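No value in this document is a laboratory result; all are computed from the given coordinates. Since we're looking at a predicted model, the values are computed, not measured. Here the Cβ positions follow ideal geometry from the backbone for every residue, glycine too, while neighbour counts run over all protein chains shown.
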Amino acid sequence: MNSPDVLTPEDIEFIEKALGRIPRGIISVSSRAPDNTPTALKMKCVVDKTPFPTHFWLCSPLLIEKVNFLESQRLVKPLELLIEQSKPLAKAFLEDQKRYQQIRNNCLTDEDKAFLSGLGILDLFTQKRGIGGIEDFTKIRCLHMQIAHLISDDNVIGQWLQDKFNILNFSENLNEFRQRIKDDRLIETAFD
């Protein structure tokens, strides 16, 4: 089995097929499924002369589809409300944002820093942008980023989603996942 960070030619082929295009800006694989395929990637901070604040990128087709389904159920706004109402959750999510920043900042090359500085956004990029480049650390840009961060490092919202919906069950296909969510009324009871 490959270590999570080794990027093989087979990984590139898998990622290209999953994304439908040749991948650009990959530093390494940050997480793998039980079958050893990449589930998340660690990305460069600047890709093709464009700032790229999404440091952990979900690339597992199964996980992407499961999260797509959860996003279609409009979970983002209730999760943001939960963050607003729970001081422990808000504190943990703020810590996740800061840690994400630090991990991303540690990957900035001197060339990246010079480029971002030339755009006048180095401080904005390094100090004010969190998960996926979001500025308000009580908001969620998308659930995909939370799951990618969870499986690459740690993330309280990603863990909440995992605890409620068992997204990371790789033996369950998308149809089975949807049916279980429906049969068990997991969306309706998620915030009880």
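Table for the structure above
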| item | result |
| --- | --- |
| Average Cα contact separation per residue, the chain, under 8 Å, 6 or more apart, as relative contact order % | 21 percent |
| Pair-distance profile P(r), taking every C-alpha pair of the range 9-189, with 10 angstrom steps and integer % | 9, 36, 35, 17, 3, 0 |
| Farthest toward positive dipole pole in the chain [+1 Lys/Arg, -1 Asp/Glu at C-beta], among Q179, L168, L94 | L94 |
| Segments 25-32, 141-148, 155-162, 85-92 sorted - mean Cβ within 10 Å per residue, highest first | 141-148, 155-162, 25-32, 85-92 |
| Among F191, F125, T37 the positive-end extreme of the charge dipole of the chain (Cβ point charges) | F125 |
| Net length gained if the chain between V6 and L186 were fully extended (0.36 nm per residue, minus Cα distance) | 61.2 nm |
| C-alpha center-to-center spacing [the range 39-79, the range 90-161] in angstrom | 12 Å |
| Within the range 9-189: Cβ-based charge dipole about Cα centre, in debye rounded to nearest 20 (Lys, Arg +1; Asp, Glu -1) | 400 debye |
| Residue-span extension gain [Q127 to E176] - 0.36 nm each, minus C-alpha spacing | 13.5 nm |
| Proximal lysines relative to K87, as straight alpha-carbon distance under 23 Å, when same-chain residues fewer than 8 apart are discounted | K77, K98, K128, K139, K164 |
| Computed helical MRE - 222 nm, the chain, DSSP H runs ≥ 4 contributing -39500 (n - 2.57), nearest 500 | -15000 deg cm²/dmol |
